[in-house]
1. Among the residues of region A:151-164, which ones are closer than 19 Å to A:Asp35 by Cβ and in contact (Cβ under 8 Å) with a residue 60 or more places away in the chain?
2. Within region A:165-174, identify whether any single residue is more than 14 Å from every other protein chain (Cβ to nearest Cβ), on the phi > 0 side of the Ramachandran plot and either of a type in the set (D, E, K, R) or touching a residue at least 60 places away in the same chain (Cβ under 8 Å) (or both), and answer yes or no.
3. Which residues, counting only those in region B:84-95, are out of contact with any Lys or Arg (no Cβ under 9 Å at 6 or more places or on another chain) and either touching a residue at least 40 places away in the same chain (Cβ under 8 Å) or surrounded by 24 or more Cβ atoms within 10 Å (Cβ to Cβ) (or both)?
4. Scan region A:139-156 residue by residue and report those that are within 20 Å of B:Gly68 (Cα to Cα) and among the aliphatic types (A, V, I, L, M).
5. Hey, B:Gln29 hits all of (1) at the interface with chain A (Cβ under 7 Å from one of its Cβ atoms); (2) among the polar types (S, T, N, Q); (3) in contact with a Phe, Trp or Tyr (Cβ under 8 Å, 6 or more places away or on another chain) but one; which does it fall short on?
6. Check whether at least one residue in region A:66-78 is under 27 Å from A:Arg143 (Cα atoms), facing another protein chain (nearest Cβ under 9 Å) and either exposed (fewer than 14 other Cβ atoms within 10 Å of the Cβ) or at pLDDT below 90 (or both), and report yes or no.
7. Having 2 or more residues that are buried (at least 19 other Cβ atoms within 10 Å of the Cβ) and among the polar types (S, T, N, Q) is the bar; report the strands (runs of 3 or more DSSP E) wholly within region A:144-236 that clear it.
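The values are calculated or read from the model by the stated rules, or taken from the named source; none is laboratory data. Keep in mind that this is a model prediction, so the values were computed, not measured. Please note: Cβ atoms are built from the backbone with ideal geometry, for glycine as well, and neighbour counts cover all protein chains shown.
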Amino acid sequence: MKLPQPERPSGALGVVIALVVVSLVITTVWYREGDRGPIHKLRTGVQTAAAPLQAAGELVTRPVRGVFAWASDLGVSRSQLAALRRQNMELRTSVAGLQEARQENERLRALFGFVKTSNLQAVGARVIGRPTTSYERVITVDRGSADGIKIEMPVLAGDGLLGQTISVTQHSARVRLITDARSGVSAMIQASRAEGVVKGMVGGGVAFAFVSREATAKAGDVIITSGFGGIYPKGLLVGEIISASQTPSSLFQDIRVAPAADLAGLEEVVVLTSAAPVTAIGSGE
Amino acid sequence: MSRILPTVGALLVAAVLQAALAPYLAIGQVVPNFLLLVVVTIALVEGPGPGAAVGFSAGLVFDLLGSGPVGPMLLVLTLTGYLAGLMHENMFAEGWLLPLTVLAIATLSAEVAYGLILVLLNVGGPFWSTFLTKMLPGAVYNTVLALLIFPWLARFLRRETSITTFQRLG
């Protein structure tokens, strides 16, 4: 048996030093180049290539989850009942498909009903990709520049604000959720009009930061976008305060928010293609 | 050439799995890092030079797939591949403890280093919060997956030698 020759560490050391230098150069270039720089373009290319893979993953895992759900309900198999079982499976699949279509129809009606009453122009999109790393809350949707999507467009789910687009390819776009630690949404408490910034937290929650200690904030208060910042129109529902407290050493209140949009089982979203200001949806203005 | 093709193949499969499957294997917000697992395995099997080169490639793919800055995982996986590869000569047949230890240390180190760089670049959160909610759970999850992947991938990468689970690789 022929064993491979051991590698000389000194040769490998030269390789790794060279690669580390290149890594640092790439990092520096990434920060210094603009959005049209070569590394940004490379990322766009990779995301374009990855979008079909992500869509395939979404497509493949969805029925698998469904199959596991109903397969657990099946009884003990018998060979003489094979034909009947096949028919049963086909019927279950058919019913599940119809049920899925009905639920999707209801969700889309709710989404577009909200947009219609808000005088907003929007594009519906399907979620085709979920976060690929632990450090980001970014999803991919199946609409891109070909559908009029640009970066920094607000994205809504059925019940409220979801996030904003951060990168766009021709047929897909990435959406940073409001639960991402890098997100920030200018918002205010609907009742007291106290302003602050809704920020994602590393642990997964959402905080309403920079709210003055003098402002009135209590659990159950509704948070809406304030319209400042130029990305989110005023009055979009963000969520509801679940706790508000003050510590003597802090300049601001410690407020936690439950997002209105259900971020867990997200399947369809709406991208607002017109950032026309709305007149305080449900804000009483 | 016969050893390069399996390595490139493993890297490509890991990239596809990271984009298509990893998001659906997430536990809470902890997403497994298949690219890290492949880098560590290849480094243990092939040595520090190939480990660093594969780490560089995998890190670039990881950074480009995500939405954060390009560079942090590139640097981390390059160094992880190199350092894990230094243990290449010490993979003995006597038991599973050493490979397990190397895998655990490598995944924890990579997670901590990556999280630390993000904190320093001001794109992560506070360190301890990030450590407890991202780095540590991520390291544990990746180590568990590494135990499943390492023996099979090591055997695939070195088909010319009769490797059994956690047997001597060098």
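1. A:Glu152, A:Met153, A:Gln164
2. The first filter runs over region A:165-174 and keeps only residues more than 14 Å from every other protein chain (Cβ to nearest Cβ), leaving A:170-171.
Then keep just the ones that are on the phi > 0 side of the Ramachandran plot; that gives none.
No, region A:165-174 contains no residue that is more than 14 Å from every other protein chain (Cβ to nearest Cβ), on the phi > 0 side of the Ramachandran plot and either of a type in the set (D, E, K, R) or touching a residue at least 60 places away in the same chain (Cβ under 8 Å) (or both).
3. If the condition is that a residue be out of contact with any Lys or Arg (no Cβ under 9 Å at 6 or more places or on another chain) and either touching a residue at least 40 places away in the same chain (Cβ under 8 Å) or surrounded by 24 or more Cβ atoms within 10 Å (Cβ to Cβ) (or both), then B:Ala84, B:Gly85, B:Met87, B:His88, B:Glu89, B:Asn90, B:Gly95 are the ones that fit.
4. Within region A:139-156, A:Ile139, A:Val141, A:Ile151, A:Met153, A:Val155 qualify.
5. Single failed check for B:Gln29: (3).
6. From region A:66-78, those under 27 Å from A:Arg143 (Cα atoms) are A:66; that's our starting set.
Narrowing further to those that are facing another protein chain (nearest Cβ under 9 Å): none.
The answer is no, given that none of the residues of region A:66-78 is under 27 Å from A:Arg143 (Cα atoms), facing another protein chain (nearest Cβ under 9 Å) and either exposed (fewer than 14 other Cβ atoms within 10 Å of the Cβ) or at pLDDT below 90 (or both).
7. Working: elements: A:154-157, A:160-168, A:173-177, A:184-189, A:195-200, A:206-209, A:222-225.
The qualifying strands (runs of 3 or more DSSP E) are A:160-168.
So that you can scan it fast, the table gives a plain yes or no per residue for (1) of a type in the set (A, V, I, L, M); (2) in contact with a helix residue (DSSP H, G or I) (Cβ under 9 Å, 6 or more places away or on another chain); (3) without any contact (Cβ under 8 Å) to a residue 40 or more places away in the chain:
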site: B:Pro23; (1), (2), (3): no, yes, yes
site: B:Ala43; (1), (2), (3): yes, yes, no
site: B:Gly47; (1), (2), (3): no, yes, no
site: B:Gly68; (1), (2), (3): no, yes, no
site: B:Tyr114; (1), (2), (3): no, yes, no
